[in-house]
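Shown below is the structure under consideration.
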Amino acid sequence: MIDYVVNTLTIGVIWCVFAYAVNVTWGWSGLLDLAPFLYIAVGAYVYGVIVGPPPNAGPTVHWILGLKAPFVVGLVAAPIVTGLVGLVVGGIALRRLREDYFAITTVVTTLTVYAFIAQYVPLFDGYTGVYGIQRPFQDALNVDASTYGIIFFVGCLLILAVLYVAMERMFKSPFGRQLRAARDDETAAAAFGRDVYRVKLKGYVIGAVIAGIGGAMMAAFLQAWNPYAWGVGETFLIYAAIFVGGSGNNRGVILGTFFIAVIVQEVTRLFVVIPDHPDAAAAVRYMIVGLLIIAVLWLRPKGLLPEPQDRDRGPAQPLTPLPESGAPADATASG
């Protein structure tokens, strides 16, 4: 029972990292990116091929690199590569495209990369994928599986805590305000001298980097990754978590993710059992998530924890009256 709870919470923490990536690109930048799992998958694959393959891999195992490097190398390399991929995709798509056309471009890019990875076996072993990935310090710690699961969960929690602090600082920073300004009104942001293209591209790359971190964490947890691990359903659940929790709110993202990816997921898995219908739990799960989205949009359109709004600092200052026609300005101000 303890192992089940710890594993469930670990998945919830990793999904929070996924949701943070989407929150930057969509919640703050206003970019409907339908390819978050593209960057999650790239991060997972990069981590897997750097840390793996397993020591007992046979001659039929095919994927590039296989450096058997320490997990720190994979954890650093994954966000770097995903950031570069995001720079290329965003640099091309954001130059001319916005809104629906940008979303279509991200979908097409995801499908193209998915097909290439699945069909070109020497890259990441096709549909079989990378597997046997060693967990960080698993051999060095020399502890039982239950204890190691708790240690791994604490490590993931620390990564999430660091990301939360970084996201809070970014939200309150001038760059965060520029992102939200470009999201709300591109014309007004450009009128105030902001390079909207450059600002949104930076936000898109940051989201890709965070997704790469989450992908590496998930690959380390599952010890495997293949094309079956990413699809449309997972992307829908991430957006649902942000809808419910509160778009643009860092705490709301965590709340919504745990509610959607942990509570709803596990409740439907444990209590929805229909004989001769093994897929009933998944169907009921999506129905519940859809009803939750409708209820939140109806009752609290901005989510359970709405995005914090900037407040004026100090009391408002009275406006200085304009001088009367023909009267000197300094005389009016003194009088």
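Using only the alpha-carbon atoms of the chain, report the extent along each of the three principal axes, biggest first, to the nearest angstrom.
93, 43, 40
Still on this model: By counting other Cβ atoms within 10 Å of each Cβ, how are ASP33, ASP139 ranked from fewest to most?
Least crowded to most crowded, the residues run ASP139, ASP33.
Right, something else. Test of understanding: what is the full-extension gain from VAL88 to TYR228, defined as 0.36 nm times their sequence separation minus their Cα-Cα distance?
47.9 nm
Now for a separate question. Would you mind giving the three semi-axes, in whole Å and largest first, of the ellipsoid equivalent to the stretch 74-139 according to its Cα gyration tensor?
Working: eigenvalues 169, 58, 16 Å².
Whole-Å semi-axes of the equivalent ellipsoid: 29, 17, 9.
A follow-up question, please. Given the C-alpha centroids of the stretch 207-263 and the stretch 89-161, what is the distance between them in whole angstrom?
Between the Cα centre of the stretch 207-263 and that of the stretch 89-161, the gap is 11 Å.
Quick check for me: using +1 on Lys/Arg Cβ and -1 on Asp/Glu Cβ, what's the dipole size of the chain about its Cα centre, in debye to the nearest 20?
The calculation lands at about 420 debye.
Can you compute 3J(HN,Hα) from phi for each residue in the stretch 240-255, using the Karplus curve 6.51 cos²θ - 1.76 cosθ + 1.60 with θ = phi - 60°, rounded to whole Hz and x for Gly and Pro?
5, 4, 6, 4, 5, x, x, 5, x, 9, 5, 6, x, 4, 5, 4
Here's a follow-up. Relative contact order for the stretch 231-308 using alpha-carbon pairs under 8 Å, separation at least 6, rounded to a whole percent? Let's see the in-between values first.
Numbers: 90 pairs, mean separation 31.9, N = 78.
Reported relative contact order: 41 percent.
Then there is this: For the residues ARG180, ARG95, ARG269, what sequence is obtained by ranking on other C-beta atoms within 10 Å, fewest first?
Exposure proxy ranking, most exposed first: ARG95, ARG269, ARG180.
Compute the distance in nm between two label points, each set 7 Å from the Cα along the Cα-to-Cβ direction, one at MET170 and one at VAL5.
Placing both labels 7 Å along Cα→Cβ, they lie 3.3 nm apart.
So what's the projected area for the stretch 1-138, the Cα convex hull averaged over all directions, in nm²?
In nm², the orientation-averaged hull projection of the stretch 1-138 is 9.9.
Exposure proxy check: CYS16, CYS156 ranked by fewest other beta carbons within 10 Å? Walk me through the numbers on the way to the answer.
Working: CYS16 28, CYS156 23.
Sorted ascending by nearby Cβ count, the order is CYS156, CYS16.
Quick one: how many lysine pairs in the chain have C-alpha atoms under 23 angstrom apart, if they're 8 or more apart or on different chains?
Values: LYS172/LYS200; LYS172/LYS202; LYS172/LYS302; LYS200/LYS302.
So the count of such lysine pairs works out to 4.
Going from the alpha-carbon gyration tensor of the stretch 231-308, what semi-axes, largest first and in whole Å, does one get by taking the root of 5 times each eigenvalue? Before the final figure, lay out the partial values.
Details: eigenvalues 125, 26, 21 Å².
Whole-Å semi-axes of the equivalent ellipsoid: 25, 11, 10.
Dividing the convex hull volume of the alpha carbon atoms of the stretch 174-314 by its residue count, what do you get in Å³ per residue? The partial results should precede the final answer.
Values: hull volume 22.9 nm³, N = 141.
Value for the stretch 174-314: 162 Å³ per residue.
Can I ask one more? Relative to the longest principal Cα axis of the chain, at what angle does helix 71-96 sit, 0 to 90 degrees, rounded to 10?
Between the helix axis and the principal axis of the chain, the angle is about 50 degrees.
If you don't mind, there's one more thing I want to ask. Counting Lys and Arg as +1 and Asp and Glu as -1, each charge on the Cβ, what is the dipole of the stretch 62-209 about the Cα centre in debye, to the nearest 20? Could the numbers behind the result be given before it?
Details: 14 positive and 10 negative charges, 113 e Å.
So the magnitude is around 540 debye.
Please give, to one decimal in nm, the separation of the simple spin-label points placed at ALA69 and VAL154, each 7 Å out from Cα toward the Cβ.
Placing both labels 7 Å along Cα→Cβ, they lie 2.8 nm apart.
What number in nm² do you get for the stretch 127-239 if you take the convex hull of its Cα atoms and divide its surface by four?
On the way: hull surface 38.4 nm².
In nm², the orientation-averaged hull projection of the stretch 127-239 is 9.6.
Any read-out appearing in this document is the output of simple, stated calculations on the displayed coordinates, not a laboratory observation. Everything numeric in this text was worked out from a predicted model, so none of it was measured. Cβ sites come from the backbone with ideal geometry, for glycine too, and all protein chains shown count toward neighbours.
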